[in-house]
1. If I go through the range 184-197 residue by residue, how many of them are part of a loop (DSSP other than H, G, I, E, B) and either surrounded by 10 or more Cβ atoms within 10 Å (Cβ to Cβ) or of a type in the set (Gly, Ala, Ser) (or both)?
2. If I ask for residues that are open to solvent by 40 Å² or more (accessible area, probe 1.4 Å), closer than 20 Å to residue 177 by Cβ and touching a residue at least 40 places away in the same chain (Cβ under 8 Å), which ones from the range 73-107 would you list?
3. Does residue 200 satisfy the condition of being in contact with a Pro (Cβ under 8 Å, 6 or more places away or on another chain), more than 30 Å from residue 18 (Cβ to Cβ) and either at pLDDT below 95 or open to solvent by 60 Å² or more (accessible area, probe 1.4 Å) (or both)?
4. Name every residue in the range 1-23 that is in contact with a Pro (Cβ under 9 Å, 6 or more places away or on another chain) and surrounded by fewer than 19 Cβ atoms within 10 Å (Cβ to Cβ), in order of residue number.
5. Given 187, 168, which one is over 21 Å from residue 108 (Cβ atoms) and modelled with pLDDT of 95 or more?
6. Output the residues belonging to the range 42-58 that are out of contact with any Ser or Thr (no Cβ under 8 Å at 6 or more places or on another chain) and open to solvent by less than 80 Å² (accessible area, probe 1.4 Å).
7. Can you say whether residue 119 is modelled with pLDDT of 95 or more, open to solvent by 60 Å² or more (accessible area, probe 1.4 Å) and within 16 Å of the chain's Cα centre (by Cα), as far as the supplied structure shows?
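The values are calculated or read from the model by the stated rules, or taken from the named source; none is laboratory data. Quick caveat, the model's predicted, so the values are computed rather than measured. Note: ideal-geometry Cβ built from the backbone for every residue, glycine included; neighbour counts use all protein chains shown. Each accessible area value is taken on the protein alone, full model and side chains, heavy atoms only, with ligands, DNA and RNA left out. Shrake-Rupley method; radii C 1.70, N 1.55, O 1.52, S 1.80 Å.
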Amino acid sequence: VTVNPLPSGTLTPSANPVCQGNSITITASPGFTNYNFKVNGAAVQNGSGNTYTTSLFNNNDVVTVDVTNSSGCISTFGSLTINVNPVPTGTLTLTENSGIAANDGIICTGATVLFTAPSGYSNYSFLVNGATVQTGSSNTYSNNNFNTGDNITVSVSNSSGCVSLLNSITLTVNPLPVVAGITGTTSVCVGNTTTLSDATS
């Protein structure tokens, strides 16, 4: 009687915990002929590769792998529980009282706009046209020096270190009216009248 040994080894994640949606790789010990990876008991990958990569894990998913050696003996490595932390969620909003309607993102040159992200997160990095303009614990950012087409968004980090880029807001900035100079006679005797006019409608 010949008794062949069972495969033995480990199952190792590239990261654990992981942020929701981030890709991680699960690696089984190399040197065997077949690896049947399973998540919560359901097969997800079967073949000669000893790694399995995905971004679709949910919190408390359990990973195992059935490993076959050259003698046809099979053993299971794991189980490995994946801890998935949520990413920040919410909506970036603006407040402004310029132009015809308030808070519509259509403003006049020089108007101040206040941007507010959801509170309760550890860090906020506000970006204008992709460039960081403010980073820190404050969930608000304001400025009065915008140009039409400027795009504002915010990258938010939570206490688990997970990061999410919230929605973006694009501004329309209308120029201020050009006011013509006042014309007329500006030197007049006491008691006399003078007419002043302005071409601006």
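1. Result for the range 184-197: 5.
2. 99, 106
3. yes
4. Once the filter is applied, which keeps residues that are in contact with a Pro (Cβ under 9 Å, 6 or more places away or on another chain) and surrounded by fewer than 19 Cβ atoms within 10 Å (Cβ to Cβ), the range 1-23 yields 9, 20.
5. 168 is the lone residue from the list that is over 21 Å from residue 108 (Cβ atoms) and modelled with pLDDT of 95 or more.
6. 42, 43, 45, 47, 49, 57
7. Considered against the rule, which asks whether it is modelled with pLDDT of 95 or more, open to solvent by 60 Å² or more (accessible area, probe 1.4 Å) and within 16 Å of the chain's Cα centre (by Cα), residue 119 comes out as yes.
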